[in-house]
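None of the figures in this text is laboratory data; all of them are computed from the coordinates on show. None of the values given here were measured: they were computed from a predicted structure. We place every Cβ from the backbone using ideal geometry, glycine too, and count neighbours over all the protein chains shown.
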Amino acid sequence: MADFDLIVKDGTVVTASDTYAGDIGVRDGRIAALADDLVPARAETVIDASGKLVLPGGIEAHCHIDEPSFGGAVLADDFASGSVAAACGGTTTFIPFANQVPGQSLRQAVDDYHAKARGKSLIDYSFHMIVSDPNEQVLGQELPGLLHDGYTSFKVFMTYDDFCLDDGEILSVLATAKRHDGFVMVHAENDHCIRWLAEQLERAGRTEPASFAIAHGPAVEREATHRAISLAEIVDTPVFIVHVSSAQAMEQIAWAQARGLPVYAETCPQYLFLSADDFKREGWEGAKYLCAPPPRDPENPEQLWRGLKNGTFQLISSDHCPYRMDGPGGRIESAGELHFHKVSPGVPGIELRLPLMFSEGVNKGRLDLNRFVALTATDAAKLYGLYPQKGTIAVGSDADIVLWDPDRRVTVRHAMLHDGADYTPYEDFDLKGWPVLTLSRGEIVWRDGTVHGEPGRGRFLKRGVSSAIRSNAAQST
Ligand code: URP
Ligand code: ZN
Ligand code: ZN
């Protein structure tokens, strides 16, 4: 019998800390050996990785799959299409949200998402919860129970009709998280300000997509970010600010971190590669770019790149929220009219997250390779309790591996992507660097343009306590 099921041979292995020439031996879905030179005869299959980078599979820690809509349109991906799109883009684990619709128990929401994912997902997955109704039952029993059962992170919103929590509710939720080692993610935008600004714009007849960027302006995000940080400081627990779009919000995070507060954050490709000017495109074209918070002015991205490089941001996530523009359940039908607050917000991006960041980050010298791996995989595994099973290349870790061609040039066309949306905001982008093969627990799920593996082979991942919670506890003892 061969020692290994598979050897990945002659590649350049990259982790968050090291880059070296070496071979990887895989047995039973896990990395069993790392060595200078493994003899090919010791394996049943040998994958030639010469000229390729060998990276840990990406971890997509912020994406919306088969969720009820944010505003009327139907999300275009279920766990089958969403997981295929992820795998084709070099992602091997994703963590969508299990969304508590108002009036629903949190446990029921989680059970519903298990049913949605079962038999469909190509890659491994877990769920963050969304807590929209922090009643006594939820805070006293359901949330603690679920946190102990391995759903160790959840999101709360400071805006959106059906989800918005007030400061008192957020304090209670943070206190529950603190008691039970939960990690809280916050959507930070000031709901009152958005409503007030939107009303002014509507009165002035300014209902075009470009008004979205005014109603959701940088001060709206900056204020809420500062408030979320303060609420977490009051409770004395870590907090994670999701989808940070503006340099002003980033400055609040850097300010908190400089004071020693356990504040963590992500930004997203749409804030690096799109701008509020995209909303000004003709008619419904402009609506394709709507997401909350919105992309900012064209000078904003350079500052966010600095935050990615210097560690203010720990993660780059896609916030994949795919809609079709056309057809039943599409954005045009559900909005009824082109009005900045009637169009469901969100942009697709799960498949292009790594290619965009590699091309514009690594290949343009803004990020080194190890930082790229940390931002796209390793730090997500650590922050969301999956490390070292996921997020790295080490003996004992799952063999979730991507072979990356650093020189392959690709012009993005929506037709080549695998998600359910009917457009990509990155159409015609010229990228350099592309994933050519994706292994999930040692099985090929994507190779040279072809998807392999059965839907449903992906496994649910029970997660451990966030590294943020662990290091905060260690510092307070
Ligand atoms: O516009 C966005 N971001 N849609 C998805 C929902 C959310 O707030 O993450
Ligand atoms: Zn959000
Ligand atoms: Zn989101």
Study note, to complete from the structure: Going from the fewest other Cβ atoms within 10 Å to the most, one would list 333, 199 as 199, 333
Check your understanding: What aspartates and glutamates could a cross-link reach from residue 309, if we take a straight Cα to Cα line under 18 Å and drop same-chain neighbours fewer than 8 places away?
Key -> 18, 251, 266, 299, 360, 368, 379
Check your understanding: Based on the mean of other beta carbon atoms within 10 Å per residue, what is the order of 363-373, 290-300, most packed first?
Key -> 290-300, 363-373
Revision key, fill the gap. Mean separation of Cα contacts under 8 Å (at least 6 apart) over the residue count of segment 1-103, i.e. the relative contact order in percent, is 25
**Study point:** Among 210, 50, 127 - extreme Cα towards positive end, dipole of the chain, charges at beta-carbon
**Key:** 50
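Hey, with R₀ at 22 Å, roughly what FRET efficiency would residue 259 and residue 179 work out to, going by the Cβ-Cβ distance, to 0.05?
Plugging the Cβ-Cβ distance into 1/(1 + (r/R0)^6) gives 0.35.
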Study note, to complete from the structure: The lysines whose Cα lies under 24 Å from the Cα of residue 342, excluding any fewer than 8 residues away in the same chain, are 155, 280, 288
Study note, to complete from the structure: Restricting to Cα pairs under 8 Å and 6 or more apart, the percent relative contact order of segment 307-396 works out to 26
Review point. Can you give the relative contact order of segment 58-380 as a percent, counting alpha carbon pairs under 8 Å and 6+ residues apart?
Key: 20
Study note, to complete from the structure: Looking only at aspartates and glutamates whose Cα falls under 20 Å of residue 178's and that sit 8 or more positions away or on another chain, we get 133, 136, 142, 149, 166, 167, 169, 233, 236
Review point. Roughly how big is the chain's charge dipole about its Cα centre, with Cβ charges of +1 (Lys, Arg) and -1 (Asp, Glu), in debye to the nearest 20?
Key: 700
Practice item. Treat the count of other C-beta atoms within 10 Å as a stand-in for reagent exposure and order 416, 1 from fewest to most. Key: 1, 416
**Study point:** Kyte-Doolittle mean at least -0.5, axial Cα span of 15 Å or more - DSSP H helices of the chain
**Key:** 167-179, 218-235, 247-258
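Considering only DSSP beta bridges whose two residues both sit in segment 58-380, what percent are antiparallel, to the nearest 5? Mind dumping the intermediate values first?
Working: 1 of 28 bridges.
Bridges in segment 58-380 are about 5 percent antiparallel.
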